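The values are calculated or read from the model by the stated rules, or taken from the named source; none is laboratory data. Source: prediction; values computed, not measured. Glycine also receives a Cβ, built like all others from the backbone with ideal geometry; neighbour counts cover every protein chain displayed. For accessibility, only protein heavy atoms count, side chains too; no ligands or nucleic acids. Shrake-Rupley method; radii C 1.70, N 1.55, O 1.52, S 1.80 Å.
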Amino acid sequence: MAAQKRPFYARGLRFSCTRCSACCRYDSGFVFLSGQDVSRLGAALGAGYEEFTGAFCRWVPSENGGERLSLKEKSNYDCIFWSPEKDGCSVYEARPVQCRAFPFWPSVLQSEKNWELTASGCPGMGRGPLQSPNSIKKWLVWRQNEPIISRSI
């Protein structure tokens, strides 16, 4: 049996969010939501499930032929919750797991090259306190334990 290769982040990675909003603005993207995300955001905004999803969400086609629930974005591709008045996220304390876990996403942690490519657009990556491999693993497990809301079409 072959030994399992250690991930490139086996010694940890440095990251500290600078709240620059680079991951929240300018480019089209998806912020997929779990049931707990919707509950947390809805509570922060005083909205129930239907009211919240109707006002702030969209269904996005997925590779399995179904759809996944994502936050809407503004016409300029800013996240629906990015606010110039707040100079950032208007729901920061209730933000989705996907946002909380950035940059510790499976796609970013797939390789050192992916980490470096993502870091080229994020001033917090490579700076700040060292995040241990166990801490990074906890982010991956958290996302896995809060599955994205999906539906069949």
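The table that follows gives values for the structure above.
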item: Close Lys-Lys pairs in the range 1-126, where close means Cα under 30 Å and separation is 8 or more or interchain; result: 4
item: Calculated FRET value between Glu112 and Ser132, using beta carbons and R₀ = 25 Å, to 0.05; result: 0.90
item: Residue (of Pro103, Ser152, Thr53) at the positive-pole extreme of the range 25-153, dipole from beta-carbon charges; result: Pro103
item: Cα-only radius of gyration and Dmax that characterise the chain, units Å; result: 16.5, 57
item: Spread of Cα-to-Cα distances over 10 Å intervals beginning at zero, given as percent, for the range 38-126; result: 14, 37, 37, 12, 0
item: Rough spin-label spacing in nm, given labels placed 7 Å along Cα→Cβ, for Arg6 and Val60; result: 3.4 nm
item: Apportionment of accessible area to carbon and sulfur, the range 99-149, percent (1.4 Å); result: 57 percent
item: Shape parameters for the range 88-153, alpha-carbon atoms, Rg then Dmax in Å; result: 13.5, 44
item: Residues Ser21 and Leu45, FRET efficiency given R0 of 22 Å [Cβ-Cβ distance, rounded to 0.05]; result: 0.65
item: Per residue solvent-accessible surface (Å²) - the range 11-153, probe of 1.4 Å; result: 59 Å²
